[in-house]
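The values are calculated or read from the model by the stated rules, or taken from the named source; none is laboratory data. These figures come from a predicted structure and were not determined experimentally. Here the Cβ is made from the backbone with ideal geometry for all residues, glycine too, and neighbour counts use every protein chain on show.
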Amino acid sequence: LNRGFRQLERIVSARQAAIRTKLPRRESERRTHPLSRHCEVLSAIETRLSLLKMSIMRYADEGHCCFFAGKVLDEIGSVCRSVQSTNGLSIRPYKLLHEMRDISSMAVEHFEDVLLPMIRRRISSG
């Protein structure tokens with residue numbers, strides 16, 4: 001799962017960079033461009049990945065735990081595939097991202113409430 005997280009980070013970053021190169025430079029033109037919703041969704045995914053990285057992966061990188069939220073990775077992958085397979089006008093960012101936000105929030109809460117105290121106890125005793 002650690003490797004899957006890193007791979008998903010690279011995929012999202014590459015797709016976002018590819019879409020941004022196709023968008024116009026002017027903000028007013030960007031908002032009405034067909035790919036603007038793609039970029040909006042990928043930015044939201046990037047934000048979620050950053051949140052997961054700051055809360056969970058920092059401990060995983062130090063070897064204290066592994067990334068455990070495989071369902072989050074599955075959902076993010078599903079959203080990425082949905083974005084890639086649709087034209088920009090048919091994407092509804094809120095609807096598409098709702099489940100991903102819920103699942104990732106639950107994963108972070110579980111980590112902070114249950115797993116992190118155990119990790120901290122293990123670090124302080126060891």
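General remarks:
- Screening 38, 110 for residues that are at pLDDT 95 or above and farther than 17 Å from residue 4 by Cβ leaves exactly one candidate, 110.
- You will find that of 28, 43, 55, the residue that is farther than 30 Å from residue 117 by Cα, modelled with pLDDT of 90 or more, of a type in the set (Ser, Thr, Tyr) and in a helix (DSSP H, G or I) is 43 and no other.
- Matching option when the condition is surrounded by fewer than 18 Cβ atoms within 10 Å (Cβ to Cβ) and modelled with pLDDT of 95 or more, among 89, 116: 116
- Residue check: residue 33 meets all listed conditions (1) surrounded by 14 or more Cβ atoms within 10 Å (Cβ to Cβ); (2) free of Cβ contacts under 8 Å to residues at least 24 places away in the same chain but one, namely (2).
- The lone criterion from (1) surrounded by 13 or more Cβ atoms within 10 Å (Cβ to Cβ); (2) not in a helix (DSSP H, G or I) left unmet by residue 63 is number (1).
- Just one of (1) within 14 Å of the chain's Cα centre (by Cα); (2) part of a helix (DSSP H, G or I); (3) modelled with pLDDT under 95 fails for residue 50. It is (3).
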